[in-house]
1. Give the accessible surface of region 3-114 per residue, rounded to a whole number of Å², with probe radius 1.4 Å and ligands, DNA and RNA excluded.
2. So, by mean Cβ neighbours within 10 angstrom, what's the order for 35-42, 13-20 with the highest one leading?
3. Tally up the carbon and sulfur contribution to the accessible surface of the chain as a whole percent, 1.4 Å probe, everything protein left in place.
4. How would you order 47-53, 86-92 from highest to lowest mean count of nearby Cβ atoms within 10 Å?
Amino acid sequence: QVQLVESGGGAVHPGGSLRLSCAASGSSISPHGMGWYRQAPGKQRELVAVIRWGGSTNYGDSVKGRFTISRDYVKNMIYLQMNNLKPEDTAVYYCNTNPSSFPWGQGTQVTVSS
């Protein structure tokens, strides 16, 4: 059973940066395309960034140019570097395969406010 643990969230001012981490245990995530998702209060969970097995990436329009997804095959982890954060980025952030197939982790809260 794969377990996903997200970390690195916090409270920042607009324009700030955060780096999220996702650690996977129980199985290798290397064969899988992976994604970062987020869910804001009262909204559906949305996919914001994807990294495929070969390393190619895609981003949602709202985060393109500000967020960067990466992965470490050895450490079995993925990351999300978030720059120039905006209040609308406030959400709980999760990692999972794309499309999602593992049990969801607890997520990590990101709050952007002045």
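The values are calculated or read from the model by the stated rules, or taken from the named source; none is laboratory data. Keep in mind that what you see is a predicted model, and the values were worked out from it rather than measured. Virtual Cβ from ideal backbone geometry, glycine too; neighbours counted across all protein chains shown. Surface areas here come from the heavy atoms of the whole protein model, side chains and all, with no ligands, DNA or RNA. Shrake-Rupley method; radii C 1.70, N 1.55, O 1.52, S 1.80 Å.
1. Here the per-residue accessible area is 50 Å².
2. By packing density, highest mean first, the sequence is 35-42, 13-20.
3. Within the chain, the accessible surface is 51 percent carbon and sulfur.
4. Working: 47-53: 19.0, 86-92: 16.6.
Answer by packing, highest mean first, reads 47-53, 86-92.
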